[in-house]
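Working notes for the structure below.
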Amino acid sequence: MRLVAALPLLVLLLGCSAPATPEMSTPGTATPAAPATPAKTAKTAERGELRFKEIGTFDQPVAFAVRKGDDRLYIAEQPGKLRTSGGDTVIDLSGEVSRGNEQGLLGVAFHPSGRWVYLDWTDARGRTHVTEWAYDGAKATARRDVLTQDQPYANHNGGQLAFGPDGHLYIAFGDGGSAGDPEGNGQDLGTLLGKILRIDPRGKPYKVPEDNPFVGKQGARTEIWAYGLRNPWRFTFDRGTGDLWIGDVGQNAWEEVDYQPAGSEGGENYGWSLREGERPFRGGKGRELVDPVIAYPLKEGGNCSMIAGYVYRGEKIPWLQGQFMYGDFCAGWIKAAPVDELEKAAEVGRVDQLSSFGEGRDGELYALSLQGPLYRIEPA
């Protein structure tokens, strides 16, 4: 019942959709680097209860954004519309987006100034576009493509957009699709696929920051910030520390959360497709691999797809302070874990077909269901 309603996004979020491949039994030879350790935080108060209050209904909502000086919430619907919490349509791409399983309108972010809005979407040929509009709060104009990327297969498009604490735009790309990364894109620095990018979108068409990790490296795309990712459907920045949390959807066995501490110079290799979770996937040597900070098995309890959330920094739920929230699309559970004791994750709620989380300007959190509801997370 839950999955039938989710067909447009089903394959995107089903990490276990592909059959096992021979590479899965091949021992890997890369030596993992020691994982980064999330910053310590004050111990949280005794756990309480959460309420998921429905505050709106949308058509397959998949992404959430807020804008400087604007009290409205902005919701991206997979069929192609960007709408406000008041029901207004800001941008309508429904006549242009592709309607494949993992395609459509996938991500949204506002420039820190609030003057421009960016959407990540796939066109009728399956190509990914990151497109900019000038936006005055009433009308979106002056449309232009910032970046386009051909996709060899219809799945693993990533789609997350977010401006980091440094003011640059970070963009998630999956490995290009099919199963098992047949083109080796995750470890190939000559392609944008399987990466998180970091750019300044206010260029012609964009600028690459001079301190990106692969600037000046022969054969490497200079836009790359991190690599070795299969399908980083959602990543978030901790507004309190600047740390980066990445949810990477797994292949057949493991879902994972990867972590990059604030102050990193970038260039981390999170292992795909040499590794899935902490286990070897494909043989061969790679540059130093960064271990995931959270990994859980597919299929167990109905698990199928990691949905990364935020570290809570709001004020309405004191006991949740400093805890990272994440969930699973199929199983429906949502967990919270203290960032310095991630092994102490505990279930705090359930949302059927959880597609994404959102963070308000005040630090309070939201959850989106592909079935339609937008929930505000509140103390019970």
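With the requirement that a residue be outside any strand (DSSP E or B) and either at pLDDT 95 or above or crowded, with 19+ Cβ neighbours inside 10 Å (or both), what does segment 277-289 give you? Selection gives Gly277, Phe281, Arg282, Gly286.
The numbered conditions (1) over 14 Å from Gly126 (Cα atoms); (2) buried (at least 17 other Cβ atoms within 10 Å of the Cβ) are all true for Asp145 except (2).
Which residue, of Glu132, Glu102, is at pLDDT 95 or above, crowded, with 22+ Cβ neighbours inside 10 Å and of a type in the set (Asp, Glu)? Matching residue, one of Glu132, Glu102: Glu132. Of everything in segment 368-378, what is assigned to a strand (DSSP E or B) and surrounded by fewer than 24 Cβ atoms within 10 Å (Cβ to Cβ)? Give them in sequence order. Selection gives Pro373, Leu374, Tyr375, Arg376, Glu378.
Is it the case that Asp123 is without any contact (Cβ under 8 Å) to a residue 40 or more places away in the chain, within 28 Å of Ile307 (Cβ to Cβ) and either among the acidic types (Asp, Glu) or loosely packed, with under 12 Cβ neighbours inside 10 Å (or both)? In short, yes. Any residue at all in segment 51-58 that's acidic (Asp, Glu), assigned to a strand (DSSP E or B) and surrounded by fewer than 22 Cβ atoms within 10 Å (Cβ to Cβ)? The answer is yes; a qualifying residue exists. Of the candidates Leu147, Leu192, the single residue that is in contact with a strand residue (DSSP E or B) (Cβ under 6 Å, 6 or more places away or on another chain), at negative phi, assigned to a loop (DSSP other than H, G, I, E, B) and not aromatic (Phe, Trp, Tyr) is Leu192. Of the residues making up segment 300-309, not a single one is within 20 Å of Gln160 (Cα to Cα), free of Cβ contacts under 8 Å to residues at least 60 places away in the same chain and surrounded by 20 or more Cβ atoms within 10 Å (Cβ to Cβ). Can you tell me which residues in segment 179-189 are touching a residue at least 40 places away in the same chain (Cβ under 8 Å) and either outside any loop (DSSP other than H, G, I, E, B) or polar (S, T, N, Q) (or both)? Correct list: Gly186, Gln187. Considering only residues that are assigned to a loop (DSSP other than H, G, I, E, B) and among the aromatic types (Phe, Trp, Tyr), look in segment 150-173 and name the one that is surrounded by the most Cβ atoms within 10 Å (Cβ to Cβ). Taking the candidates together, the pick is Phe173. Against the list (1) over 22 Å from Met306 (Cβ atoms); (2) in contact (Cβ under 8 Å) with a residue 24 or more places away in the chain, the condition Val208 fails is (2).
Does segment 254-276 contain at least one residue that is buried (at least 20 other Cβ atoms within 10 Å of the Cβ), among the hydrophobic types (A, V, I, L, M, F, W, C) and assigned to a strand (DSSP E or B)? Scanning segment 254-276, I find at least one residue that is buried (at least 20 other Cβ atoms within 10 Å of the Cβ), among the hydrophobic types (A, V, I, L, M, F, W, C) and assigned to a strand (DSSP E or B), so the answer is yes. Number of residues in segment 102-124 that are touching a Pro at 6+ places or on another chain (Cβ under 8 Å), under 18 Å from Leu197 (Cα atoms) and assigned to a strand (DSSP E or B): the value is 1. For the residues Arg230, Arg198, the requirement of being assigned to a loop (DSSP other than H, G, I, E, B), buried (at least 19 other Cβ atoms within 10 Å of the Cβ) and in contact (Cβ under 8 Å) with a residue 40 or more places away in the chain singles out Arg230. Take Gly176 and tell me if it is in a loop (DSSP other than H, G, I, E, B), farther than 17 Å from Glu102 by Cβ and without any contact (Cβ under 8 Å) to a residue 60 or more places away in the chain. Judged against the criteria, Gly176 is not a match.
The values are calculated or read from the model by the stated rules, or taken from the named source; none is laboratory data. None of the values given here were measured: they were computed from a predicted structure. Note that each Cβ is placed from the backbone with ideal geometry, even for glycine, and that neighbours are counted across all protein chains shown.
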